[in-house]
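The structure appears below as structure tokens.
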Amino acid sequence: MALDIIRIVALISGLQFTVGFQSPTLQRHSLRISSLSAANNKEDGFSLDRRSAIATTSAAVLTSLSITNPANAFFPVGAFASNRPKSTPKKSSGNNSNRVIPTWQLDGGVEFPILALNTAGLSTEETLRAIDYAQNEGITHLDFHPGKERDGVAKFLKDSKVDRDSLFLNTKIRKPAPGTSPEDAAKLARDQIEEDLQVLGVKYVDMLMLRDTPDQKNIQAQWKVLEEALAAGKTRSVGIINYCPSGLETLMETAKVVPALNYIMCHVGMGPDIQGLRTKNEKYGIRTFAYGQTGEPEPREAMLNDPILKRIGETHKKSTEEVALRWVLQNDLAASLRPSGNFGRCEGEECQVGLSRQVSCLEWELTKDEMAELNAIKYDDASPTPFSAYCPGSLVLKEGKWVPRG
């Protein structure tokens with residue numbers, strides 16, 4: 001009898017773990033079990049493959065269960081702040097037709113859904129799987145990169161019966177290699193836009209984002225190409241990704257069109273002004289779109305184990321991951337969502353349940369005092385632009401590991 005009870009408990013624990021948020025400790029086990037493949041988006045010249053396979057050893061499972069509460073696994077997103085201008089949200093064609101994702105209204109009447117599916121590092125098949133799950137949860141905003149992720153989006157567009165106009169397609173321009181001339185950088189951007197449209201099988205995307213580069217002339221040359229694409233109707237809006245103040249200033253010296261938003265990392269410990277970068281964005285009329293609500297390129301253990309987040313989570317019967325994401329949206333930011341806590345993967349129930357819980361918006365909120373506590377937390381080593389080509393605190397991928405740029 002005792003043995004049967006042990007077996008039942010083990011089975012239930014294993015099931016809970018399967019659908020739960022994978023802890024940072026387990027991710028370290030996973031990293032030791034499987035190698036990090038840096039080639040997932042090799043053609044992009046900027047690999048975002050931060051994979052860590054789900055561990056299969058019992059030791060790893062027990063380690064994870066000892067520090068993670070599977071009942072509160074993964075995090076639903078909190079409600080979008082009510083004081084932002086909103087337009088009629090796009091409805092998903094998925095199963096959850098009653099779910100509504102609020103939007104920002106950008107220039108030209110473009111509706112920008114404030115929750116996006118972040119496909120960074122996913123394979124083609126995993127991207128396709130994540131999109132299916134996201135559609136079922138009401139997510140229409142697909143945040144992807146050229147390469148395998150884009151191929152997954154293309155396959156979804158080709159195989160599904162979803163109306164193209166119901167989706168918000170958001171992609172990025174590749175970084176030019178060091179030493180590229182402004183003329184060649186512009187041609188690379190122009191060629192990639194045509195390539196994206198051809199691969200996706202569409203006449204336009206909803207947003208093109210420009211990455212930074214140490215060469216100021218290349219930033220300006222490529223931004224001009226995005227302005228041309230906007231005027232030609234090949235994109236409905238333009239933005240930037242991982243731009244620190246110096247990059248913003250360079251771009252704005254010659255820009256005729258102001259970027260709709262700057263896509264940067266934001267999490268608890270960086271402050272609501274994101275180390276001053278948000279104020280810099282807003283000086284030019286640029287909104288802030290956030291990734292990395294629990295850290296990047298992997299979850300930040302110091303934050304997830306922070307006693308303040310834990311206490312607040314216990315008060316609301318939420319996990320620290322949920323508290324972290326709720327803080328981001330309650331600070332009036334849009335957010336791109338990893339489909340699971342196992343970054344760079346979308347596998348089965350963990351991915352499906354992870355997305356479902358993240359997009360459970362409008363269900364709870366942090367109190368004014370709780371927001372003040374979280375706003376006051378500071379991590380001195382956190383950078384809002386970790387994947388910049390040159391900004392302070394940026395990282396570079398070497399031998400499968402993200403290390404500070406030297």
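The values are calculated or read from the model by the stated rules, or taken from the named source; none is laboratory data. Note that this is a predicted model, so its numbers are computed, not measured. For neighbour counting, all protein chains shown are included, and Cβ atoms are generated from backbone atoms with ideal geometry for every residue, glycine included. The protein model used for the area step is the full one, side chains on, heavy atoms only, and it has no ligands, DNA or RNA in it. Shrake-Rupley method; radii C 1.70, N 1.55, O 1.52, S 1.80 Å.
Please arrange LEU230, LEU167 by accessible surface area, largest first, computed with a 1.4 Å probe and ligands excluded.
Greatest to least solvent exposure: LEU230, LEU167.
Express in whole angstrom the spacing between the alpha-carbon centres of segment 306-329 and segment 140-171.
32
If r is the Cβ-Cβ distance from ASP165 to HIS316 and R0 is 35 Å, what FRET efficiency results, to the nearest 0.05?
Efficiency at R0 = 35 Å is approximately 0.40.
How large is the dipole of segment 304-401 about the Cα centre if only Lys and Arg carry +1 and Asp and Glu carry -1, each at its Cβ, rounded to the nearest 20 debye?
Magnitude of the dipole: close to 160 debye.
Taking the dipole about the Cα centre of segment 288-406, with the C-beta of Lys and Arg at +1 and of Asp and Glu at -1, give me whichever of GLN352, GLY393, LEU366 is farthest to the positive side.
So the residue we want is GLY393.
Which far-off residues, 5 or more places away or on another chain, put their amide H under 5 Å from the one on PHE168, with H placed in the peptide plane?
The answer is HIS141, LEU142.
Can you give the Rg/Rh ratio of segment 94-158, where Rg is from the C-alpha atoms and Rh is the Kirkwood radius?
Rg divided by Rh gives 1.00.
5 Å is the cut-off here: which amide hydrogens, built 1.01 Å from N in the peptide plane, fall below it relative to PHE289, excluding neighbours closer than 5 in sequence?
Under 5 Å from the amide H of PHE289 lie the amide H atoms of ASN262, TYR263, ILE264, each far enough along the sequence or on another chain.
Suppose each label sits 7 Å from its Cα in the direction of the beta carbon; what would the LYS368-TYR284 distance come out to in nanometres?
About 3.5 nm, to one decimal.
Consider all pairwise Cα distances in segment 239-284 and report the whole-number % of them above 11 Å.
Counting pairs separated by more than 11 Å, the tail of P(r) holds 66 percent.
What residues qualify as long-range amide H neighbours of ARG300, i.e. H under 5 Å apart, gap of 5 or more or another chain, H built at 1.01 Å from N?
It is GLY295, by chain and number.
Which Rg and Dmax, in Å, describe the Cα atoms of segment 277-406?
15.7, 44
With a 1.4 Å probe and every protein chain kept in, tell me what percent of the accessible surface of segment 291-345 is carbon plus sulfur.
45
Could you report segment 324-406's accessible area per residue, 1.4 Å probe, as an integer in Å²?
Dividing the accessible area of segment 324-406 by its residue count gives 41 Å².
Using the scaling law 2.2 N^0.38 Å as the reference, what is the normalised Cα Rg of segment 201-345?
Dividing the Cα Rg of segment 201-345 by 2.2 N^0.38 Å gives 1.19.
Once you have all Cα-Cα distances for segment 92-250, histogram them in 5 Å bins from zero and send the whole-percent values.
Going from the shortest bin to the longest, the percentages are 2, 9, 18, 21, 20, 15, 9, 5, 2, 0, 0.
If the limit is 25 Å between Cα atoms, which of LYS224/LYS283; LYS175/LYS401; LYS148/LYS256; LYS234/LYS280; LYS283/LYS318; LYS318/LYS378 go over it?
LYS148/LYS256; LYS234/LYS280; LYS283/LYS318
Starting from the Cα gyration tensor of segment 339-406, take the square roots of the eigenvalues, sort them a ≥ b ≥ c, and report rounded, prolate or oblate (rounded when a/c is under 1.5, otherwise prolate if a/b is larger than b/c, else oblate).
oblate
Give the ranking of ASP196, ASP163, ASP332 by solvent-accessible surface, highest area first, calculated with a 1.4 Å probe.
Ranked from most to least accessible, the order is ASP163, ASP332, ASP196.
Just the number please: accessible area per residue for segment 177-320, 1.4 Å probe, all protein chains included, in Å².
For segment 177-320, the solvent-accessible area averages 40 Å² per residue.
Run the paramagnetic zone check for ALA376: 7 angstrom along Cα to Cβ, then residues of segment 309-347 with backbone nitrogen under 16 Å.
Flagged as within label range: 309-312.
If you add up the charges near ASN262, with Lys and Arg at +1 and Asp and Glu at -1, over every other residue whose beta carbon is less than 12 angstrom from its beta carbon, what do you get?
Neighbour charge sum, excluding ASN262 itself: +3.
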